[in-house]
Structures are given as structure tokens and as C-alpha cells.
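This report refers to the structure that appears directly beneath it.
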Amino acid sequence: MKLHDDMRRVVARQRLGFVATVCPDGTANLSPKGTTSVWDDEHLVFLHLHSPGTVANLTTNPSMEINVVDPIIRKGYRFKGQACVVADGELFDRILDFYAERGVDPARVQAAVLMHVQTAAPLISPAYDTGASEAEVTAQWRAHHLALHPTVIPDDTT
């Protein structure tokens, strides 16, 4: 499946993907990944910085899902596919370079997870079921998030 421009835009802007894997006992594991990126037309990638459970699950069952949603607009995508954990070699070096250009220290990276996207579907909040426009939903959730974080206190360590 080829990732289209809007999928690429949402992933690039949000960067935070919620990754679902299956534990060996059959239970679900859901973990946020702040390094979620588009790798190419058919793959998403994220880094194993502190993901031992996710990586362990993928070594026994490579099936996974990544959800990336804009929390203000309340729209995004659900990507399903098969993962490959990459911890060395030429591909790993290319992934490290990709993230180094984005400010990630390669020394922090234990491995990368490359997911071949097999299916993708839009995720749209039920907030739209009432006929609300995107502008209305955006205003509501923007106000909600601003109320949660009304001020930013600078770190005055000087």
C-alpha cells in the first residue's frame, strides 16, 4: 500500500504514534512512540529508545498497528502492517543518519522498527457525527488543550 500525501503530512506533523503489538500471552500492548516517521512510500519507522516490551513482542509476532492522530483536529490514520526490528547493518546506519538529521543522538538508539504498511484507514473522531465542522471541532479541542496548559513557565536555571 502506498502512503498518500495526507498520510505523510499527518505523520510528519504529529510525530507521535501509538503502537499496538501483541504480547506472547495474547494480550495487547500499546505504547506511544515520539519518533514515528514516514520512511518511504510503503514504510513507517520509529526508534527503540526505551521500547523493550514493544521490540520483544515484535520478535515473536511482527503484526502491529500504528495510530497517528492530530489531537486538536481529531483526525488521523490507522496503519496496519508487519514490522522488522533493525539493529545493525547498512539499513540501520541509514535510519540513524535519517534521525541524526532530525536531532536524535544516535548513541541513544538501541534499534529501529520498520513497518511495512499493508493497510491504512482514516481515523475520524465521533465529534464529527453531530455535523460539527472541522473549524468547530478544532476550536473546541484547542480550547480544551489550552485550558490544560494555560501558561508555559520558562526554565530559569541561569
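Where a number appears in this text, it was derived from the coordinates with a stated rule and is not lab data. Just so it is clear, the model here is predicted, and its values are computed rather than measured. Here Cβ is always computed from backbone atoms with ideal geometry, including for glycine, and neighbour counts include all displayed protein chains.
Start at zero, step by 5 Å, and the Cα-Cα distances of the chain spread as 2, 8, 16, 18, 17, 14, 11, 8, 4, 1, 0 percent across the bins. Entry note: region 70-147 has Rg to Rh equal to 1.17, where both radii use alpha-carbon atoms and Rh is the Kirkwood radius.
Among the trypsin sites (Lys or Arg not before Pro) found in region 58-158, those both in a DSSP coil and sparsely packed, with 16 or fewer other Cβ atoms within 10 Å of their Cβ, are ARG102.
How much length would be gained if the chain were fully extended between ALA56 and ASP25, taking 0.36 nm per residue of separation minus their Cα-Cα distance, in nm to one decimal?
That pair, ALA56 and ASP25, stretches by 9.9 nm at full extension.
The label point for GLU42 and the one for ALA107, both projected 7 Å from the Cα toward the Cβ, are 3.8 nm apart. Considering only LEU44, LEU146, LEU91, the Gaussian network model of the chain with Cα springs below 10 Å gives its largest mean-square fluctuation to LEU146. Along the axis of the charge dipole computed for region 1-153 (Cβ charges of +1 for Lys and Arg, -1 for Asp and Glu, origin at the Cα centre), the listed residues ALA83, LEU96, ILE73 are led at the positive end by ILE73. Helices meeting the span-like rule in the chain (full DSSP H runs, Cα extent of at least 18 Å along the helix axis, mean Kyte-Doolittle score of -0.5 or higher): 134-148. The C-alpha atoms of region 29-114 occupy a region whose extents along the principal axes are 36, 31, 25 Å, arranged from largest to smallest.
Stretching the chain fully between HIS144 and SER125 yields a gain of 5.3 nm (0.36 nm per residue, less the alpha carbon separation).
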